[in-house]
Amino acid sequence: MFATEKDLVSQLKLNYGSICNWKPSSVRLLEEVDLGFGIADLVLSRLSSRSIYGKSILTYFDANIYKLIEVNQKVTIEQLQEITKASISEINKSINKLMLDSYIKKRDSLICFKKPYQSVALESIAIEAKLKNWKKALMQAYRYQWFASYSYVVLDSKFVLPAIKNINEFEKLNIGLAEINKSGKLQIISKPYKISPKDPRMNIILNEQLKTSLLKL
């Protein structure tokens with residue numbers, strides 16, 4: 001039995017391999033990832049072998065502007081202002097950042113889509129670690145589907161039985177369940193299937209956090 005969730009997460013960081021069968025050299029681990037939908041204890045990302053790092057780090061607002069341009073292909077600044085209710089200066093700041101990395105281009109008064117966003121992660125796994133409160137963990141892990149390809153709950157092996165008895169709740173929400181003991185043995189109880197993140201903008205922000213992390217290496 002773990003004394004604290006921090007102890008559980010520390011052991012999980014050393015033994016996450018059972019959750020993803022990715023090459024260790026391709027995996028990047030982020031801790032306490034906060035994208036506005038709760039704080040994921042760990043996010044594991046499988047990196048592209050041809051990752052390209054832009055000249056700017058995008059915010060959620062930048063990602064929102066990008067997606068609006070991508071969906072509509074051609075928009076005016078006035079249209080962006082009407083949709084976002086943001087100031088012209090704030091919108092122009094985002095446009096300049098997106099142009100710097102050639103995601104968009106200007107053509108007279110139009111802002112035009114140029115190329116797709118370049119992710120550094122091919123897929124990501126978000127993990128919510130708890131000692132025993134499986135219901136709370138399940139709801140938190142469900143929120144991570146907005147930016148991750150897979151979501152898992154990992155519980156202390158001593159307290160996992162109630163969650164196993166309610167495995168149908170995990171399966172309904174497509175959340176994986178795993179248990180870990182104090183020696184580090186990690187066992188998968190139920191695996192989720194891969195999804196496309198529900199909010200592409202949040203997925204962009206996850207990738208931007210990965211870029212920041214990788215650039216610090």
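At-a-glance table
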{"item": "Selection from region 170-216 of residues that are among the acidic types (Asp, Glu), touching a helix residue (DSSP H, G or I) at 6+ places or on another chain (Cβ under 6 Å) and more than 30 Å from LEU58 (Cα to Cα)", "result": "GLU179"}
{"item": "Test: residue in region 40-62 that is in contact with a helix residue (DSSP H, G or I) (Cβ under 9 Å, 6 or more places away or on another chain), closer than 30 Å to LYS85 by Cβ and part of a strand (DSSP E or B)", "result": "yes"}
{"item": "Matching option when the condition is more than 30 Å from ILE188 (Cα to Cα) and of a type in the set (Lys, Arg), among ARG46, ARG50", "result": "ARG50"}
{"item": "Only one of SER119, SER124 that is at pLDDT 95 or above and closer than 16 Å to ASN207 by Cβ", "result": "SER124"}
{"item": "Wholly within region 97-186, helices (runs of 4 or more DSSP H) carrying at least 2 residues that are buried (at least 18 other Cβ atoms within 10 Å of the Cβ) and in contact (Cβ under 8 Å) with a residue 40 or more places away in the chain", "result": "134-143"}
{"item": "Test for SER49: is it of a type in the set (Ser, Thr, Tyr), modelled with pLDDT of 90 or more, farther than 22 Å from LYS158 by Cβ and in contact with a Ser or Thr (Cβ under 8 Å, 6 or more places away or on another chain)", "result": "no"}
{"item": "GLU78, sole failed condition from (1) loosely packed, with under 15 Cβ neighbours inside 10 Å; (2) closer than 30 Å to ILE188 by Cα", "result": "(2)"}
{"item": "VAL9 surrounded by 15 or more Cβ atoms within 10 Å (Cβ to Cβ), closer than 30 Å to GLY176 by Cβ and more than 16 Å from the chain's Cα centre (by Cα)", "result": "yes"}
{"item": "Matching residues in region 1-35 - criterion: being of a type in the set (Ser, Thr, Tyr) and part of a helix (DSSP H, G or I)", "result": "SER10, TYR16, SER18, SER25, SER26"}
{"item": "Which numbered condition SER18 misses (of (1) at positive phi; (2) surrounded by 12 or more Cβ atoms within 10 Å (Cβ to Cβ))", "result": "(1)"}
{"item": "Selected residue (criterion: farthest from the chain's Cα centre (by Cα)) from residues of region 12-61 that are of a type in the set (Val, Ile, Thr) and closer than 19 Å to MET202 by Cβ", "result": "ILE57"}
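The values are calculated or read from the model by the stated rules, or taken from the named source; none is laboratory data. Not measured: the values here are computed from a predicted model. Virtual Cβ from ideal backbone geometry, glycine too; neighbours counted across all protein chains shown.
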